[in-house]
Amino acid sequence: MKKAIILLLCMLPFCRLSAQNISGILTDSNRQPIEYANIIALNPADSAFVQGTTSDHKGTFSIAVPDEKAYIIKVSCIGYQTEYRNGNGAIGTLTLKEDVHLISEVEVKGQMPTFQLKGDKFVTQVQGSLLSKLGTANDVLERIPGIEGRQGKFTVSGKGRRLSTSTDAKSTMSRNSKR
């Protein structure tokens with residue numbers, strides 16, 4: 001048993017571990033480093049993900065992979081074309097090409113918010129919103145936050161004042177006022 005252990009210990013320096021690092025540098029066409037690019041090692045047999053990393057501020061990267069074989073190296077970064085390389089160990093400097101797309105026209109569509117707070121007022125925009133499809137003004141008022149009531153008699157809650165309204169008349173009352 002001792003001889004077997006001694007034999008294994010003597011052979012250990014001659015056995016190579018099969019792990020390796022794939023390293024390189026990323027630059028653009030102006031030879032400037034590209035930082036925060038994604039570098040992924042893919043298995044060449046099935047393109048399965050093996051290991052990944054990002055480039056640092058100098059454009060350098062290093063990926064620890066389990067075997068000493070050539071991997072598919074995928075390099076991608078926003079604003080640059082994705083690059084694929086086969087390699088292992090030090091793969092040197094990779095220069096990524098800019099990915100430029102010219103857009104002839106841009107159309108920006110916006111929509112006013114249905115509810116807005118303007119100063120101390122709560123303003124509701126009915127026109128052009130889903131509220132305009134409800135039917136009557138009573139239907140709209142029933143669905144506006146801060147308004148309570150039904151059938152033409154509504155109260156509006158606010159800062160110390162309460163506005164009561166009906167289909168016929170409108171009045172403003174403070175909490176301390178009497179009817």
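The values are calculated or read from the model by the stated rules, or taken from the named source; none is laboratory data. Just so it is clear, the structure is predicted and the values come from calculations on it, not from any experiment. All Cβ positions, glycine included, derive from the backbone under ideal geometry; neighbour counts span all protein chains shown. Note: accessible area is taken over every heavy atom of the protein model, side chains too, but ligands, DNA and RNA are not part of it. Shrake-Rupley method; radii C 1.70, N 1.55, O 1.52, S 1.80 Å.
Restricting attention to region 66-142, lysine pairs at least eight places apart or on different chains and with alpha-carbon atoms under 26 angstrom apart total 5.
Per-residue Karplus couplings for region 136-148, computed as 6.51 cos²θ - 1.76 cosθ + 1.60 with θ equal to phi - 60°, are listed in order as 8, 5, 4, 4, 5, 4, 5, 9, 8, x, x, 10, 10 Hz, Gly and Pro entered as x.
The solvent-accessible area of SER29, taken with every protein chain present and a 1.4 Å probe, is close to 80 Å². Applying both filters, DSSP loop and at most 16 other Cβ atoms within 10 Å, to the GluC sites (Glu not before Pro) of region 75-146 gives GLU105, GLU107. Measuring only protein heavy atoms, the 1.4 Å probe finds PHE115 accessible over about 80 Å².
Spatial offset of region 114-129 relative to region 49-98 amounts to 53 Å, using the alpha carbon center of each. Report, to the nearest whole %, how much of the accessible area of region 78-137 belongs to carbon and sulfur atoms, 1.4 Å probe, protein only. Whole-percent figure for carbon plus sulfur exposure: 52.
Residues in region 20-31 carry Karplus couplings, in order, of 8, 10, 9, 9, x, 10, 9, 9, 9, 5, 8, 6 Hz; the curve used is 6.51 cos²θ - 1.76 cosθ + 1.60 with θ = phi - 60°, and Gly or Pro positions show x.
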